[in-house]
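Before any comments, here is the structure.
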Amino acid sequence: MARNHILIVEDERKIAQLLVDYLAAAGFTASCLYRGDQVLPHIKKDPPVLILLDIMLPGMEGTEVCREIRRFSSVPIVMITARVEEIDRIVGLELGADDYVCKPFSPREVVARVKAVLRRACAEPDFSTPLEAGPILLDESRREASAAGHPLNLTPSEFGLLKILMGQPGRVFSRSELIDRVQGYAFDGYDRTIDTHIKNLRRKIAEGIPHREVIRTVYGVGYKFSLEVEDR
Ligand code: CA
């Protein structure tokens, strides 16, 4: 799928077409779905760069669609809502949507939001180039990682964990979030085994950098990657 392709899920066809036109004028291509229950199979086959998702939809509600998408994808989602009182739900329920627009909206405003969300999403790490953080180097394309030049012989789970943590240094990830995100790496684990994988990962990293802990435990929450000097 093209790098500028947006999926619009909106059962009001006139609105959907209006969005297609405005997005096209802004240099995007867009396709439309008119039912909520068509979204998951569609994006598994053809992942778009962003989804504009109406809430009131036949088949499956937009909020439910959003929740389901977040089980396997971090594709940016902008929710469309006709009811101001839904905003609290969208934001408060932590559905994982990236932004929202209220009906009636100006298509121009939607395009501006889409661009802003994509800019933010693009600021997230691009894994096609190697990640480097202090002494740690991770090359996704070669499936290689090293600590101070010392090659790390990582299992797929350990590699996935390191990639996720390193991708957003300083950000704290809960155990369940880590499990969700590393699933693409054939992750074989539950909450407790995350701890075991982290322990093994730390031990391997310590072979390269023995006196420095870059994977920190955040008590009661989870783990983060940090190069900062630890407060003790
Ligand atoms: Ca609708």
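The values are calculated or read from the model by the stated rules, or taken from the named source; none is laboratory data. Bear in mind that the values here come from a model prediction, so they are computed numbers and not experimental data. Glycine gets a Cβ as well: all are built from the backbone with ideal geometry, and neighbour counts include every protein chain shown. Heavy atoms of the whole protein, side chains included, go into the accessibility calculation; ligands, DNA and RNA do not. Shrake-Rupley method; radii C 1.70, N 1.55, O 1.52, S 1.80 Å.
Overview of results
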quantity: Anisotropy class of the range 5-121 from Cα gyration tensor, a/c 1.5 cut; calculated: rounded
quantity: Calculated FRET efficiency for the pair N200/S106, C-beta based, R₀ 45 Å, to 0.05; calculated: 0.30
quantity: Total lysine pairs whose alpha carbons fall under 20 Å of each other in the chain (8 or more apart, or interchain); calculated: 7
quantity: Beta bridge orientation in the chain: antiparallel %, DSSP, nearest 5; calculated: 50
quantity: Furthest towards positive pole of dipole, P47, F159, A206, structure part the chain, Cβ charges; calculated: A206
quantity: Accessible surface, the chain, averaged per residue in Å² (probe 1.4 Å); calculated: 54
quantity: Amide H within-cut-off set for L152, under 5 Å, with H built and near neighbours excluded; calculated: A145, S146, A147
quantity: Ordering of 211-220, 24-33 by burial proxy (mean other Cβ atoms within 10 Å per residue, highest first); calculated: 24-33, 211-220
quantity: Sulfur and carbon atoms: percent of accessible area, the chain [1.4 Å]; calculated: 51
quantity: Point-charge dipole on Cβ atoms (K/R +1, D/E -1) for the chain, about Cα centre, debye to 20; calculated: 340
quantity: Gyration tensor over alpha-carbon atoms, the range 131-225, equivalent ellipsoid semi-axes in Å; calculated: 19, 15, 12
quantity: Kirkwood estimate for the chain, i.e. one over the average of 1/r between Cα atoms, Å; calculated: 19.5
